[in-house]
Amino acid sequence: MPKIVFLDEYSLGRSDLSGIRSLGNYTGYEYTRPEEVVTRCLNAEIVITNKVVLGRNELQQLPHLRLICVAATGTNNIDLDAAAELGITVRNAAGYSTHSVAETTLGMALALVRQIGYYDDFVKSGKWSESERQFHFGRPIRQLHGATWGIIGLGAIGREVARLATAFGCRIVYTSTSGVTREEEYPALSLDELLAESDIVSIHAPLNERTRGLIGERELATMKSSALLINVARGGIVDEKALAAALDAEKIGGAALDVFEAEPTPAQNPLLHLHDSERLLLAPHSAWASGDAVETLIGCIIDNIKTYYK
């Protein structure tokens, strides 16, 4: 049976991988460091990776490798040109996390506009118990209804966010990062127009030469001082240093990030040292990782291997 190696099983939590294991001579590793990649994959015909990098140097040392299954949608951790030159097929998984990421996006927006974290802490810390007053207005609360929601990247996830936000009574506008013009039900704006008009801006675009550094100091200055920025797409699209400065200077109302330029994010990242941490909501790249989405992802990997066998 073909040898199958999974380099970072931890990335799928504690999910049942028996369906993958049954497809070949399977070896799974909890986590693989860069210097371990070649040794672990040396005799493998099929390699599964979520975030372990397979560059040209690694691929050239793997003569038996014929299929790389990326346990994610993005393939930026694979040298696709080298794989093509070496006759190695690369297959990703698409669509498995659409609902999970979209729901996280809405959840982040709700947490920020309703200041859920602050008021939860106010009660649990005992501050409300010590107060003589029934009501507390420590931080302003807003609502989604009536807000203009700007979407950067109207792909599958962007469309689902638009659908959910519309149900909350938001007006939707969008901008395309691909340069492709399509007939859509929502108004298309330039990036600057979208940033200037929107009360909430969420990013759902891939990381590429068009989007790297897309939101920097100039773009943040274009936004409303009350506006919220949400990035659940890829780190590197938002300039994290510029965002930290904008939040500290109160140039925007708040932000939520699930992705970072370096993951795990370094302890010295300025976003971890804001004057007012309540203005920022952070998550460790977990927007995609609902149990339902992971189960669907495993099914995609199984289908990609079976298709290769055919």
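Within 14 Å, Cβ to Cβ, of G153, how many net charges do the neighbouring residues add up to if Lys/Arg are +1 and Asp/Glu are -1? Kindly include the intermediate steps, with their values, before the conclusion.
Numbers: positive: R159, R182, R210, R212, R234; negative: E160, E184.
After counting each charged neighbour, the total is +3.
Explain nothing, just the number: relative contact order of region 174-246, from Cα pairs under 8 Å at least 6 residues apart, as a whole percent. Walk me through the numbers before you get to the answer.
Numbers: 91 pairs, mean separation 24.7, N = 73.
Computed value for region 174-246: 34 percent relative contact order.
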Mind checking which of G216, L274, C41 is farthest towards the positive end of the chain's charge dipole, using Cβ charges of +1 (Lys, Arg) and -1 (Asp, Glu) about the Cα centre?
C41
So, with +1 on the Cβ of K and R and -1 on the Cβ of D and E, and no other charges, what is the size of the charge dipole of region 68-179 about its Cα centre, to the nearest 20 debye?
560 debye
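Carbon and sulfur atoms: what percent of the 1.4 Å accessible area of the chain do they account for? Walk me through the intermediate numbers first.
Values: 7810 of 15770 Å².
Using a 1.4 Å probe with all protein chains present, the chain comes out at 50 percent carbon and sulfur.
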Listed highest first by mean packing, meaning other Cβ atoms within 10 Å per residue, what order do 120-131, 49-60 come in?
49-60, 120-131
Using R₀ = 30 Å, calculate the FRET efficiency as 1/(1 + (r/R₀)^6) where r is the Cβ-Cβ separation of Q61 and E183; round to 0.05.
0.05
How many Lys pairs in the chain lie less than 27 angstrom apart by Cα atoms, where the lysines are 8 or more positions apart or on different chains?
9
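Note down the relative contact order for region 44-134 as a percent, whole number, built from C-alpha pairs under 8 angstrom at least six residues apart. Don't jump to the answer; show the numbers that get you there.
Numbers: 83 pairs, mean separation 20.4, N = 91.
About 22 percent, as a whole number.
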Listed by chain and number, the residues whose amide H is under 5 Å from that of D8, excluding neighbours fewer than 5 places away on the same chain and using placed H, are Y29, N50
Paramagnetic reach from V38 in region 49-69 [backbone N under 18 Å; point 7 Å along Cα→Cβ]:
52-66
Dipole of region 235-310, Cα-centred, from +1 at each Lys and Arg C-beta and -1 at each Asp and Glu C-beta, to the nearest 20 debye?
300 debye
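Can you work out the FRET efficiency for the pair H145 and R212, with r the C-beta to C-beta distance and R0 = 41 Å, to the nearest 0.05?
Working: r = 34 Å, r/R0 = 0.84.
That pair, H145 with R212, gives E of 0.75.
So, with +1 on the Cβ of K and R and -1 on the Cβ of D and E, and no other charges, what is the size of the charge dipole of region 182-221 about its Cα centre, to the nearest 20 debye? Provide the component values of the computation, followed by the final result.
Numbers: 4 positive and 10 negative charges, 57 e Å.
For region 182-221, the charge dipole is close to 280 debye.
Order these peptides, 220-228, 104-112, by their mean beta-carbon neighbour count within 10 angstrom, highest first. Before the final figure, lay out each step's value.
Details: 220-228: 18.7, 104-112: 21.3.
Ranked by mean Cβ neighbours within 10 Å, highest first: 104-112, 220-228.
Based on Cα coordinates alone, diagonalise the gyration tensor for region 101-259, multiply each eigenvalue by 5, take square roots, and list the semi-axes in whole Å, largest first. Could the numbers behind the result be given before it?
Details: eigenvalues 176, 61, 36 Å².
The equivalent ellipsoid of region 101-259 has semi-axes of 30, 17, 13 Å.
Can you pull the percent of Cα pairs in region 88-152 with separation above 19 Å?
Working: 1142 of 2080 pairs.
Summing the P(r) of region 88-152 above 19 Å gives 55 percent of all pairs.
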Among V52, N92, Y26, whose Cα lies farthest out toward the positive end of the dipole of region 1-144, if unit charges sit on the beta carbon of Lys, Arg (+1) and Asp, Glu (-1)?
N92
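The values are calculated or read from the model by the stated rules, or taken from the named source; none is laboratory data. Note that this is a predicted model, so its numbers are computed, not measured. For neighbour counting, all protein chains shown are included, and Cβ atoms are generated from backbone atoms with ideal geometry for every residue, glycine included. These area figures cover heavy atoms from the full protein model, side chains too; ligands, DNA and RNA do not enter into them. Shrake-Rupley method; radii C 1.70, N 1.55, O 1.52, S 1.80 Å.
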